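The values are calculated or read from the model by the stated rules, or taken from the named source; none is laboratory data. Computed from a predicted structure; not experimentally measured. Reconstructed Cβ throughout: ideal geometry from the backbone, glycine too, with neighbour counts over all protein chains shown. These area figures cover heavy atoms from the full protein model, side chains too; ligands, DNA and RNA do not enter into them. Shrake-Rupley method; radii C 1.70, N 1.55, O 1.52, S 1.80 Å.
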Protein chains: 2
Amino acid sequence: MITMRGESERTFTPKGWATRQRIIEAASRLILENGLEAATLEEIQAAAGASASQLYHYFEDKSELLRAVIEHQTDSVLGTHRVILERLDSFEALEEWRDMVVSMLDAQNCVGGCPLGSLASGLAESDARARTALAESFERWQDLLREGLETMRQRGELRDDANVGDLSTSVLAAVQGGLLLSQTRRDSASVRVALDASIAYLRTLRPERALGHAGTATRVGG
Amino acid sequence: MITMRGESERTFTPKGWATRQRIIEAASRLILENGLEAATLEEIQAAAGASASQLYHYFEDKSELLRAVIEHQTDSVLGTHRVILERLDSFEALEEWRDMVVSMLDAQNCVGGCPLGSLASGLAESDARARTALAESFERWQDLLREGLETMRQRGELRDDANVGDLSTSVLAAVQGGLLLSQTRRDSASVRVALDASIAYLRTLRPERALGHAGTATRVGG
């Protein structure tokens, strides 16, 4: 029997934390590359080089391990995006972010799509705590986008009446939907086109005085 | 042993086809409402009121059943969307389509998100044939959008140089990403806001002469 313990009460040695982290990373990679269904506890053990008793020592059940995977992937995804999104203050920075999203997907040959999007889609109906955790991950991602767009608004890159809350929702939806299409099609063009459209729309929300230097050159439809 | 048979060679009695269809519909509902992981063959049997031998009579393996589910959900989703998308010729029709997407999600309390998006996310890495089938489903969906936008372009609702191919990609990404965010957040606002932004962007691509009657009234950021 596994002793029921609250996640917050766990204490391990430094070596124990390292083993726990190794299991989380192996599970994260396995889920990303092979899908949630393929990531059985047996597969995760094999990938992490850990025994079943080790797995149950560090995680009460699969649901707790999955929440640790969500936390790990949230830190990983947001850590990467934060580098660019925290200094989002211009259309050039937005385009740099789009290029990073496309490059990262190309580097993994479109396999796995978005780690957070895939977890959300796979767990939303089967694990209420996982769904709540992923809703929070999306919230944090959207916060980064909203703060960046707010900076652009304050710098006069967007009109005063631009609704940066709604705009950040639509940009996050574009990146999520684009990554899903690209994952399914094995072609990063979809996410690039989706983000191009989001950025093109944002360009239409520049103040009148800023329209001059790129208005007519805006790419149409992409 | 299950005899290996090509899917196209299958022949059943009318009653047999009805039983097969009942299994497909039960599996589709189970996957949508509880997620792919929960839809074990045992659960599908129970939901369809079918025996294991019946399941193996109609489907060679789980992968063949899943492809039948993809076909069923593609017909169902595209059948619903086609009703509006095939007469997509104006911004009013686009808004009607957005309202339909939001109403359908509300009717299911955001559970399941998009049946096709969820299947794509869950199967893309574990079942190559399923991924290919779902890429084709997305292609057909995008075709409906592209043809509708092309009609709008020819009617003068969009500029002659509007790239309806890329635009249809970005609208499909918006609906997929919006549905995933709404599913995770249990709030249809995300998909509504994402589609509002797509439509607002399309409005910026109207020919000059058409800008007069709604240009300044365009909602900002949503």
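Which number in (1) over 30 Å from B:Leu158 (Cα atoms); (2) open to solvent by 10 Å² or more (accessible area, probe 1.4 Å); (3) within 14 Å of chain A (Cβ to nearest Cβ); (4) outside any loop (DSSP other than H, G, I, E, B) marks the one condition that B:Val102 misses?
With respect to (1) over 30 Å from B:Leu158 (Cα atoms); (2) open to solvent by 10 Å² or more (accessible area, probe 1.4 Å); (3) within 14 Å of chain A (Cβ to nearest Cβ); (4) outside any loop (DSSP other than H, G, I, E, B), B:Val102 is out only on (1).
Checking A:Thr132 against (1) touching a helix residue (DSSP H, G or I) at 6+ places or on another chain (Cβ under 8 Å); (2) among the β-branched types (Val, Ile, Thr); (3) within 13 Å of another protein chain (Cβ to nearest Cβ); (4) within 19 Å of B:Ser121 (Cβ to Cβ), which test does it fail?
Exception for A:Thr132: condition (1).
Being free of Cβ contacts under 8 Å to residues at least 40 places away in the same chain, surrounded by fewer than 20 Cβ atoms within 10 Å (Cβ to Cβ) and farther than 21 Å from B:Asn34 by Cα: is that true of B:Glu96 here?
Taking the combined requirement at face value, the residue satisfies it.
Just one of A:Ser53, A:Ser63, A:Ser76 is open to solvent by less than 40 Å² (accessible area, probe 1.4 Å), in a helix (DSSP H, G or I) and of a type outside the set (Val, Ile, Thr); which is it?
Numbers: A:Ser53 fails: open to solvent by less than 40 Å² (accessible area, probe 1.4 Å); A:Ser76 fails: open to solvent by less than 40 Å² (accessible area, probe 1.4 Å).
Sole residue among the options that is open to solvent by less than 40 Å² (accessible area, probe 1.4 Å), in a helix (DSSP H, G or I) and of a type outside the set (Val, Ile, Thr): A:Ser63.
Given the structure, is A:Ser28 modelled with pLDDT of 95 or more and in contact with a Pro (Cβ under 9 Å, 6 or more places away or on another chain)? Step through it out loud before you land on a result.
Details: modelled with pLDDT of 95 or more: yes; in contact with a Pro (Cβ under 9 Å, 6 or more places away or on another chain): yes.
In short, yes.
Looking only at residues in region B:175-189 that are open to solvent by 10 Å² or more (accessible area, probe 1.4 Å) and in contact (Cβ under 8 Å) with a residue 12 or more places away in the chain, which one is nearest to A:Ala130 (Cα to Cα)?
Only one residue fits best here, namely B:Arg185.
Can you tell me which residues in region B:154-205 are more than 16 Å from the chain's Cα centre (by Cα), of a type in the set (S, T, N, Q) and part of a helix (DSSP H, G or I)?
B:Gln154, B:Thr184, B:Ser190, B:Ser198
What number of residues within region A:142-165 satisfy the criterion of being open to solvent by less than 30 Å² (accessible area, probe 1.4 Å) and either under 30 Å from B:Arg140 (Cα atoms) or facing chain B (nearest Cβ under 10 Å) (or both)?
The number of residues fulfilling the criteria is 6.
Among residues belonging to region A:108-121 that are facing another protein chain (nearest Cβ under 7 Å) and open to solvent by 20 Å² or more (accessible area, probe 1.4 Å), point out the one that is nearest to B:Ser190 (Cα to Cα).
A:Ser118
Name the residue that is surrounded by the most Cβ atoms within 10 Å (Cβ to Cβ), counting only residues in region A:122-134 that are in a helix (DSSP H, G or I) and without any contact (Cβ under 8 Å) to a residue 12 or more places away in the chain.
In this case the residue turns out to be A:Arg131.
Looking only at region A:39-55, count how many residues are within 12 Å of chain B (Cβ to nearest Cβ) and of a type in the set (Asp, Glu).
Selection size over region A:39-55: 1.
Among the numbered criteria (1) modelled with pLDDT of 95 or more; (2) facing chain B (nearest Cβ under 7 Å); (3) open to solvent by less than 20 Å² (accessible area, probe 1.4 Å), which one does A:Gly222 miss?
A:Gly222 satisfies all of (1) modelled with pLDDT of 95 or more; (2) facing chain B (nearest Cβ under 7 Å); (3) open to solvent by less than 20 Å² (accessible area, probe 1.4 Å) except (1).
Within the bounds of region B:87-99, is there any residue that is under 14 Å from the mean Cα position of the chain (by Cα), within 14 Å of chain A (Cβ to nearest Cβ) and in a helix (DSSP H, G or I)?
yes
Considering only region A:26-38, I want to know if a residue exists there that is open to solvent by 80 Å² or more (accessible area, probe 1.4 Å), over 18 Å from A:Ser126 (Cβ atoms), within 14 Å of chain B (Cβ to nearest Cβ) and in contact (Cβ under 8 Å) with a residue 40 or more places away in the chain.
Yes.
So which of B:Glu86, B:Glu92, B:Glu60 ends up being at pLDDT 95 or above and out of contact with any helix residue (DSSP H, G or I) (no Cβ under 6 Å at 6 or more places or on another chain)?
B:Glu92
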